[in-house]
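Shown next, in structure tokens, is the structure this report addresses.
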Amino acid sequence: MHNFLHYFQIENADILIRIIFSIILGSMIGLERELTNKSAGLRTQILVCLGACIFTILSIYGFSKAISLYPMGDPARVAAQIITGIGFIGAGTVLRQGLTITGLTTASTLWIVAAVGMACGCGMINIAVVSTVLAIAVLVLIRIFEFKIIPKNLKHLRKVKISFTCKYEEYDSLTNKFSCIFPEILDYSHKTVDEEGDCIKVNAKVLSNEKNPVICTYKKLEELKSLKSLSVKEIFD
């Protein structure tokens, strides 16, 4: 017990401070990702930052004896492998659907968090703090800039194909609502789909400026409660 308490005396306070800062700074970036409902959220970012910090500390202090025995050795190799290893985690957050790719920003934050953790592990707390503040500023302020300042008509437009069926007597009202929800309709057609002629199937192509056009289109069509079936997919011409 005495040896255990002795380990945490003042000579190791600097290392403990580095570890604590890695947890705090990692949680700050992770909180932003968590609040925006991203795949790599609070816990992931904290663990990446903490792990990078510990690996860096091990690189600096864990092989001090090895250097005296093997002067040609390079203890920095452990820290260098963090850059390679973090790529595997980042790749797991990137999703591709057709030509649409999501998760790149979250993967980038994992790289930043790993760098912050390495800075903490090297004792460069000032660089770690400034990097964290800048990363959060980029994540928050650029999002505001994209949604508030850049006009929507300057964003990339995507084509979405929509197919749905409805009752014949509800077709006119649904058509009016559909045109209000989607002002930019590229193509629109309809036909009866059963022998009794009481159902109509509609096929339409619309333009969307959303980053996730399929999900956003589904949400917009939730207003049309009387739809019997619904299919939405992004198309690439």
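Every number here is computed from the coordinates shown, using simple stated rules; none is lab data. Just so you know, these numbers come straight off a predicted model, no measurement behind them. Every residue, glycine as well, gets a Cβ built from its backbone with ideal geometry; the counts of neighbours run over all protein chains shown.
Per the Cα gyration tensor, the range 156-235 maps to an equivalent ellipsoid with semi-axes of 23, 12, 11 Å, ordered largest to smallest. Taking amide H positions as modeled 1.01 Å from N, with prolines and chain starts lacking one, the residues under 5 Å from residue 158 and 5 or more places away or on another chain are 208, 209, 210. Using the Cβ-Cβ distance between residue 143 and residue 80 with R0 set to 35 Å, the FRET efficiency from 1/(1 + (r/R0)^6) comes to roughly 0.60.
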